[in-house]
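Rule-based calculations on the coordinates, nothing more; no lab input. What you see is a predicted model, and the numbers here were worked out from it, not measured in a lab. Counting neighbours? That spans all protein chains shown, and the Cβs are built from the backbone with ideal geometry, glycine included.
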Amino acid sequence: MALRLISGLMAVSALAACETPDVGVAAGTPVYGPIETRLLDGDLVGFRVSMEGATQARDVEKYAECAAAQYALIRGYGFARHVRTLVEVSSGNWRADAVYTISAALPPGERTIDAEVTVADCGLSGIPTV
């Protein structure tokens, strides 16, 4: 069993070494795609974002969070609460489909964001918003 596991890991490592990175974008150099915003229901808003050059799922998740924070401010709200984010990657292109609620008052829950603070942080980090 252990021998089969080691053989499988070696095969995966060999395949990973054969992959060629996207020539257009170096890993870690983000290129942000367009932001698609969808009003789902009342205060429930969906965001689809994409980027190249991400190194982990958190990079594209943060991009969606920045979009949600800016959207909340545009609508005259000060807060957002993360509902869910689905991330997929294909050929170096990372995509996130995220859902947030927006509100004027701090919403209940653990995954809340202060829109002004988040937008300022995004600007300092070089992450675009809506």
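Some points to look at:
- Put simply, the amide H of G33, placed in the peptide plane, has neighbours under 5 Å in S50, M51, E52, leaving out anything fewer than 5 places away on its chain.
- Karplus (6.51, -1.76, 1.60) ³J(HN,Hα), θ = phi - 60°, over segment 61-69, in Hz, Gly and Pro reported as x: 5, 5, 4, 5, 4, 5, 5, 5, 5
- Working from label points 7 Å from Cα in the Cα-to-Cβ sense, the D114 to T29 distance is 3.6 nm.
- Pairwise FRET efficiency - V130 versus L106, Cβ, R0 = 25 Å, nearest 0.05: 0.75
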